[in-house]
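Everything below concerns the one structure shown next.
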Amino acid sequence: MTPSLASKWLRILAVLLASGFLAFGLVRLGVGSAMLGAELGWWPAMGEMAEALGETRTFLAQHEPQAFMAWSVAFYFGLIAVMGVILASGAALYLAARRKAGLVLIAIYLALHGAMFLNYQVVNPKIGLLALTIAAWGIMWWRLRAEA
């Protein structure tokens, strides 16, 4: 039996979304690691990196009173790096036809991303990114259900 045109498009879309998750996860891993290293003094923070570290310090300090759990700058960027590992791993598993395991890891990433907003009780434009990634996960889950 040949797959329908809709099924082919869903497969293509899911692969593109998983590839995007893989790339985004690797970027989060790289940026989080670079910023963590600069914060810990492993290398100097220059240019935009120094500016981003300052903005992060300011944000965390301003919102500390309302946070459920106050985070250090190092913890924040360590979390970003770990989230990158989880997201990239989930996307790689999905692309390697271990779709269910991949979706579980991507869901863990999404939960961590949501927890970041929840912890500081702050809604900013980045919540749009969370909404888009949840929608992308939903499409990938839909493909898994369609295959079953």
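Structure summary
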{"quantity": "Filter result for residue 57 (among the basic types (Lys, Arg), part of a helix (DSSP H, G or I) and within 18 Å of residue 13 (Cβ to Cβ))", "calculated": "no"}
{"quantity": "Condition met for residue 90 (part of a helix (DSSP H, G or I) and within 13 Å of residue 18 (Cα to Cα))", "calculated": "yes"}
{"quantity": "Enumeration of residues in region 116-148 that are closer than 20 Å to residue 29 by Cβ and exposed (fewer than 14 other Cβ atoms within 10 Å of the Cβ)", "calculated": "126, 129, 132"}
{"quantity": "Hey, residue 31 touching a Gly at 6+ places or on another chain (Cβ under 9 Å) and either in a helix (DSSP H, G or I) or within 28 Å of residue 89 (Cβ to Cβ) (or both) or not", "calculated": "yes"}
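Every read-out reported here was derived from the displayed coordinates using simple, explicitly stated rules and does not represent laboratory data. Values in this document were obtained by computation on a predicted structure and should not be read as measured data. Methodologically, a virtual Cβ is constructed for each residue, glycine included, from the backbone with ideal geometry; neighbour enumeration extends over all protein chains shown.
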